[in-house]
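> One structure, pasted below without further comment.
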Amino acid sequence: MADNKKGVWDLQLVRDERLQGDWGYSSSVDAGPMYMWAYNANGQQGQNNRSNYSSPQQLSGTSWQRAEGSQNVSSAIKEDGTLWIWGVNSGGQVGANDTINRSSPVQVPGTEWSKVGVGEGVAVASKTDGTLWSWGKNAYGQQGSNDTVQRSSPQQIPGTEWTGNLSVGGRGVSCVKTDGTLWVWGEDHYGQLGGNGPLEVNRSSPYQIPGTQWSGMAMRDRNSLFMKTDGTLYASGSNSYGQLGLNNKTTYSSPVQVPGTSWRYSEYSAAVNYYGSLATKTDGTLWTWGYNAGFGTLGHNNLTNYSSPRQIPGTAWSTIGAGRYFNVCLKSDGTLWAWGIGTSGELGQNSPNSNLSSPTQIPGTSWARVYSGNYHAFGIQSS
């Protein structure tokens, strides 16, 4: 299967907050130092260079609170509510009112930023007042502005109740409102938005997914997972490798329930690879399914594809960061584990070019949050 680090496919990034019991996360999390590693050809590690690193390297500063990654872009919010973005800027996604690439963090104007998501050429972020803002590329309507105009500085999306989980994957965006409704917009080539519309029809303004009690989505450019507060999990989009977890290979353009209950519905309790899916349950177990043949991305110590959820050994799994063909996952004891492709140092083992088909610990025991881009990863440690 062909792959290209500089191709157009983008990552859903996955985000995370600290676990509060089995059922949710607190939006208030401690800030701390952030470390980044792996692919860096576009400066997405923020080290003011373009050298790859196969072990975690600290980013300047110690008050990072949350972050997000994409194919060639990284973003993070500090404890003081400032938002910083770096990496490729061809669509103005850095938010600096220009299109100059950056290899170190650049502050986006404004303060009181709460959540951020970055996708293929687009950035979306919410503020503590419930407003939602977008900028960057917009050919697929991914800014939610009811047009396709590219912008290099933040523009507000109508409404003030955007207080829930925010997700950006490829050219698609989702956000939960205060009332538990879920809204999506952007590219819907494979039905990954779950809007039950004809395939290859994009949405340039927020569209409501039927129902309430939605907690959020884990998105990517081909398929997505949807979480509800009753512990049920849903999937839609491309399913060529069984990545929807439905024990078939049928594409669905609206959310279909994944077998099982007691799925965690907190932010970053589920994630999506290029052709695979991961999710945790309230008992701390971790389940994966979809494509596994190339790199052992599912973590089962083999190269077998699975079209229904299969448990990874162990418990105490909490939050997930999913790269294109690798994963980094945090346990409740503060340890961080990685598996899958490692050709650019994605697994943090100080040994590039080594793939791993089962979870292997990254050095350190004080990890608090974890994130990933297509081929790079980063985590925040407890201060």
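> Which of the strands (runs of 3 or more DSSP E) contained wholly in region 202-274 include at least 3 residues that are of a type outside the set (Gly, Ala, Ser)?
203-209, 214-219, 223-228, 252-257
> Are any of the residues in region 185-193 without any contact (Cβ under 8 Å) to a residue 60 or more places away in the chain, more than 25 Å from Leu83 (Cα to Cα) and more than 18 Å from the chain's Cα centre (by Cα)?
yes
> Enumerate the pairs (first residue in region 367-379 and farther than 11 Å from Ala67 by Cβ; second residue anywhere and small (Gly, Ala, Ser) and part of a strand (DSSP E or B)) with beta-carbon separation below 7 Å, excluding pairs fewer than 6 apart on the same chain, so at least 6 apart or on different chains.
From residues that are farther than 11 Å from Ala67 by Cβ, the pairs are Trp367/Gly379; Ala368/Gly32; Tyr375/Ala38; His376/Ala38; His376/Gly69.
> Listed residues Leu356, Leu278; which is of a type in the set (A, V, I, L, M, F, W, C), buried (at least 24 other Cβ atoms within 10 Å of the Cβ) and touching a residue at least 12 places away in the same chain (Cβ under 8 Å)?
Leu278
> Would a scan of region 310-321 turn up a residue that is buried (at least 24 other Cβ atoms within 10 Å of the Cβ), farther than 19 Å from Ile380 by Cα and not small (Gly, Ala, Ser)?
no
> With Gln20, Gln45, Gln71 as the choices, which residue is under 30 Å from Ala293 (Cβ atoms) and modelled with pLDDT under 90?
Gln71
> If only one of Ser332, Ser344 is of a type in the set (Gly, Ala, Ser) and within 26 Å of Glu79 (Cβ to Cβ), which one is it?
Only one candidate passes the filter, namely Ser332.
> Tell me yes or no: at least one residue of region 178-191 is outside any loop (DSSP other than H, G, I, E, B) and within 29 Å of Ser60 (Cα to Cα).
No, region 178-191 contains no residue that is outside any loop (DSSP other than H, G, I, E, B) and within 29 Å of Ser60 (Cα to Cα).
> Can you list the strands (runs of 3 or more DSSP E) found entirely within region 276-383 that contain at least 1 residues being polar (S, T, N, Q) and either modelled with pLDDT under 95 or closer than 26 Å to Thr229 by Cα (or both)?
Where strands (runs of 3 or more DSSP E) fall fully within region 276-383 and carry at least 1 residues being polar (S, T, N, Q) and either modelled with pLDDT under 95 or closer than 26 Å to Thr229 by Cα (or both), they are 276-280, 286-290, 306-312, 317-322, 326-331, 367-372.
The values are calculated or read from the model by the stated rules, or taken from the named source; none is laboratory data. Fair warning: this is a prediction, and the values are worked out from it, not measured in the lab. We place every Cβ from the backbone using ideal geometry, glycine too, and count neighbours over all the protein chains shown.
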